[in-house]
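*Asks:* One structure, pasted below without further comment.
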Amino acid sequence: MATRAPLITASVFLVALSLRPALTAVGPLLPQIGLDENLGEAAQGALGALPLVAFGLASPLVHLASRRLGMERAVFVSLLVLAAASVARSYTGHVGLWIGTIVIGAAIAVGNVLVPVLIKRDYAAHVSRATGVYTAFITGGAALASVLAVPIANLADWRLSLAVWGGLALVVALVRLPAHSNSGPIAPVVVDGGDPPVSVWRQPMAWLVTFYMGLQSTSFYLLVNWLPTIEITTGGVSESTAGIHLFLFQGFGLVGGLTIPRLMKNPVSQRAGAVVASTPIVIALLGLLLVPDLVIVWAVIAGLGQGAALVAALTLISYRGRSPHETTQLSGMAQSVGYLLAATGPVIAGYLAEHTGGWTATLVVFSCLAAVQVIVGFAAGPRPPRPPVLTPTAATCGGSRSSC
């Protein structure tokens, strides 16, 4: 662990607490937002997908900001932007709803990319465990927003219910102020005796990690955005009950995220953790399709899998990066392509529901994608061998060692 004040170091977990409420509060409120703003199911799906598009477009640029400003300063600025955009989304009209949602996604993307890098730097000896705690804070914040969204809206309206989470981002920014003042830029590194590292975009393992990240995000945002609506329209449950079920989904994600690091500690392979984390998602989606009356059971199982799969994805990113610079690039790549893939999830789900008159087609499609995630996790689990460090030989030195 870096020799910094423990409270400043640990405050990175508070950043995680603020990275999901602005997104997960939307799902339980979609019926109200759709009615108030005259949005159909496809448009509601697009609203849920916009932050993921912003994640995808902004993530590759985050490493440039971190090199220029330093990681802590970049995170600090992103929290301030998140706070402002959360208020603007609610109170600047129909156009502001869409633009504010995009800005929120871009601001969260900075934390998504940089917090795993900060954790690898500050908790190098306990990456998987610290990633589990980080994910627990993400899940806890997401769950809190899900369960409080409808009660706050009932007391006031959906606009305040969304805007209030900007206050959390502002408080976290103030707590992180000492870390911001000590920030420094990340310098590129070279490996293997001075040779520049191979771009992550040309590494097959990086693509496997990216697809794993994208697939687990796809199922997560499908359920966060549409699980309450599926329950309300097909099961006849109330909005408040659907919000409680979404809270259970998020809450058990915390449990899954804290237990899966036991299977991710193997320095040679994280295959067991990646596969075990993915399997409950397949079971839950098939359960929603085949035995919908047990929705509370499937919400719990899906939550366990989603929390575990997020930890598995972030741990794979941390382990596959050979330096802070490369880890930042890999994190940006995985979250860029991964979230662009995930962004199609809510839109496809809404489109299928609107054009088929139900949710069966949606659940079939996403059950298949969850099964693909298991396969990708199996392939991405083993750590690839490090390239050998070449020593000078006559063959590599123009025919003579002395020419080296």
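The values are calculated or read from the model by the stated rules, or taken from the named source; none is laboratory data. Only a predicted model underlies this, so the values are computations on that prediction, with no experimental measurement involved. Cβ sites come from the backbone with ideal geometry, for glycine too, and all protein chains shown count toward neighbours. Just so you know, the surface numbers come from the protein's heavy atoms only, side chains and all, with ligands and any DNA or RNA stripped out. Shrake-Rupley method; radii C 1.70, N 1.55, O 1.52, S 1.80 Å.
*Asks:* Can you tell me which residues in segment 284-303 are within 21 Å of the chain's Cα centre (by Cα) and surrounded by fewer than 24 Cβ atoms within 10 Å (Cβ to Cβ)?
*Replies:* Val300, Ile301
*Asks:* Residue check: is Leu340 modelled with pLDDT under 90, in contact with a helix residue (DSSP H, G or I) (Cβ under 7 Å, 6 or more places away or on another chain), open to solvent by 60 Å² or more (accessible area, probe 1.4 Å) and part of a helix (DSSP H, G or I)?
*Replies:* yes
*Asks:* OK, next. Starting from segment 285-302, take each residue that is in contact (Cβ under 8 Å) with a residue 60 or more places away in the chain and within 14 Å of Gly253 (Cβ to Cβ) and list its partners that are open to solvent by 50 Å² or more (accessible area, probe 1.4 Å) and part of a helix (DSSP H, G or I), counting only C-beta distances under 8 angstrom and pairs at least six apart or across chains.
*Replies:* So the pair list comes out as Ala299/Phe252.
*Asks:* Taking segment 25-48 as the region of interest, how many residues are closer than 21 Å to Gly166 by Cβ and among the hydrophobic types (A, V, I, L, M, F, W, C)?
*Replies:* Adding up the residues that qualify gives 6.
*Asks:* Within the set of pairs 6+ apart or on separate chains, which have a first residue in segment 82-94 that is touching a residue at least 24 places away in the same chain (Cβ under 8 Å) and open to solvent by less than 70 Å² (accessible area, probe 1.4 Å), a second that is hydroxyl-bearing (Ser, Thr, Tyr) and part of a helix (DSSP H, G or I), and C-beta atoms under 8 Å apart?
*Replies:* The qualifying pairs are Arg89/Thr101.
*Asks:* Condition test on Ile104, is it touching a residue at least 60 places away in the same chain (Cβ under 8 Å), under 18 Å from Tyr134 (Cα atoms) and open to solvent by less than 40 Å² (accessible area, probe 1.4 Å)?
*Replies:* So Ile104 does not fit the description; no.
*Asks:* Additional query: Given the conditions (1) of a type in the set (Gly, Ala, Ser); (2) open to solvent by less than 10 Å² (accessible area, probe 1.4 Å); (3) at pLDDT below 80, which single one is not true for Ala145?
*Replies:* In the conditions (1) of a type in the set (Gly, Ala, Ser); (2) open to solvent by less than 10 Å² (accessible area, probe 1.4 Å); (3) at pLDDT below 80, Ala145 misses (3) alone.
*Asks:* Those residues that are open to solvent by less than 10 Å² (accessible area, probe 1.4 Å) and modelled with pLDDT under 80, I need them from segment 226-274; list them, please.
*Replies:* Within segment 226-274, just Gly243 meets the criteria.
*Asks:* Let me ask something else. Being buried (at least 22 other Cβ atoms within 10 Å of the Cβ) and of a type in the set (Ser, Thr, Tyr) is the filter; apply it to segment 1-36 and report the residue that is modelled with the lowest pLDDT.
*Replies:* Going through the qualifying residues, I end up with Thr24.
*Asks:* All but one of (1) open to solvent by 10 Å² or more (accessible area, probe 1.4 Å); (2) in a helix (DSSP H, G or I) hold for Leu39, so report the exception by its number.
*Replies:* Every listed condition holds for Leu39 apart from (2).
*Asks:* Taking the conditions exactly as written (more than 24 Å from Ser161 (Cα to Cα), at pLDDT below 90, surrounded by fewer than 17 Cβ atoms within 10 Å (Cβ to Cβ) and among the basic types (Lys, Arg)), does Arg73 satisfy them or not?
*Replies:* no
*Asks:* Can you find a residue that is more than 30 Å from Ala74 (Cα to Cα), open to solvent by 20 Å² or more (accessible area, probe 1.4 Å) and either assigned to a helix (DSSP H, G or I) or in contact with a His (Cβ under 6 Å, 6 or more places away or on another chain) (or both) anywhere in segment 324-331?
*Replies:* No.
*Asks:* Here's another thing I want to ask about it. Which numbered condition trips up Arg129, out of (1) open to solvent by less than 50 Å² (accessible area, probe 1.4 Å); (2) of a type outside the set (Phe, Trp, Tyr); (3) touching a Pro at 6+ places or on another chain (Cβ under 6 Å)?
*Replies:* (1)
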